[in-house]
Amino acid sequence: MRIGIFSDTYIPNINGVATSIEMLKKGLEKLGHKVYIVTVNAEKYSYKKEDNVLRIPGVPIGIFDYRLTSIYPIKAIKTIKDWNLDIIHSQTEFGIGTFARFISKQLNIPLVHTYHTMYEDYTHYITKGYFKKTSQKIVEYLTLFYCDSTATELIVPTKKTADLFVKKYKVKRKVNIIPTGIEIEKFHKKYKLDDLRKKLNIENEKILLFVGRLGKEKSVDVLIKNQKDLDSKLLIVGDGPERKGLENLVKELKLENKVIFTGKVPLKDVAKYYKLANVFVSASTTETQGLTIIEALASSLPVLAINDESFSNVIKNGYNGFLFNNNDEYIKYANMLLKKSIYKINAYESSLKYSNEVFASSVLEVYENAIKNGRKPLLKGREK
């Protein structure tokens, strides 16, 4: 099968969507399929035939590393026609995603769409707190138009996201729940860490780890505030707009000796940071899946995460970690996880079902259904 994946973000960008696409590409290629990527570039049009990645110029939109491009970049069309695609898989609702919809209609190619991001939780990056309700309604309308009216098949990573469409948006259509896969072997392998431990000055301490963008929606401040009551260090790997404020919070609480900020680290080195830690922690309630949770489990790290539906199918209390509801539970469970090694064994075993091969095979079944059913959605419309 010849597959075109369209996205506003792709490696070397570091975010969950880019990682998900890279895992899907590798998994599909292992199964013998040809995968082409259409994404956004910072400056100029480029096409590398060796890795089949077409990059179209775009401008920053103020949300993470995302850029927006023309919805109909003419120069790219001839290249895409030459690919002779069997299926188009869009990974964003806007920009390149709109381009994917036009190409699907023009070339009569079935369209599959994956909904990754709960956009209503991120509108503050653009509106700066103004017109919150209006902006969220606009996002809802555009998301519904794309996911409900144009795609032959819709994929979401978790039941939480599926419920957004079924319960809140009242969409009446088939929703395929397929968790994103990861390269389990990359996170399970052993690394030499002595130099990294010395660099971070964590040679003998117990380590709680957070990996991710430092945005308001990630609630990293909750982790920091609880650190004063724990006999461990909190290692925060990543960067983002909230970093300075979080660093100031650490100073205010006089936790400079208990919280370490690494800043952004190269993607190829992220697995090493998981290996430094004893427990992975997250207080974010805005995840559609939380790939870092799966990466932590594959690294044999038990997880302590806030009790959110995105994590409830992954984290089993007392087996591979705990879900906490309040600060007291966070402290209690963190101490438990720091003391017992059995959670590490269970963590790795629970990650095996998230391999990128399993991920790719599940998505491939959706592609086959989309081709069989053509361009039209399986079930159209919303409840009145």
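A few comments on the model shown:
- For region 160-255: accessible area per residue (Å², 1.4 Å): 52 Å²
- The loop-placed chymotrypsin sites (Phe, Trp or Tyr not before Pro) in region 280-352, going by DSSP, that have at most 14 neighbouring Cβ atoms within 10 Å of their Cβ come out as 319.
- Its Cα centre serving as origin, region 256-384 has a Cβ charge dipole (Lys and Arg +1, Asp and Glu -1) of approximately 240 debye.
- Accessible area of region 262-384 divided out per residue, in Å², using a probe of 1.4 angstrom: 44 Å²
- For residue 23, solvent-accessible area (1.4 Å; no DNA, RNA or ligand), Å²: 10 Å²
- For region 245-348, the set of trypsin sites (Lys or Arg not before Pro) satisfying both a DSSP loop assignment and a count of at most 12 other C-beta atoms within 10 Å is given as 254, 340.
- Stretch gain in nm, segment residue 174-residue 81, where the contour uses 0.36 nm per residue and the Cα spacing is subtracted: 30.6 nm
- Solvent-accessible area per residue, Å², over region 1-57 with all protein chains present [probe radius 1.4 Å]: 41 Å²
- Here region 281-346 exposes an accessible surface that is 47 percent carbon and sulfur, computed with a 1.4 Å probe and the other protein chains kept in place.
- Cβ-defined net charge surrounding residue 4, 10 Å radius [Lys, Arg +1; Asp, Glu -1]: +1
- Within region 186-289, antiparallel bridges make up roughly 10 percent of the DSSP beta bridges whose residues both belong there.
The values are calculated or read from the model by the stated rules, or taken from the named source; none is laboratory data. Please read all numbers here as calculations on a predicted model, not as lab measurements. When we count neighbours, we look across all protein chains shown, and the Cβ atoms used for this are built from the backbone with ideal geometry, even at glycine. Side chains are part of the model used for accessible areas, which takes the heavy atoms of the whole protein and leaves out ligands, DNA and RNA. Shrake-Rupley method; radii C 1.70, N 1.55, O 1.52, S 1.80 Å.
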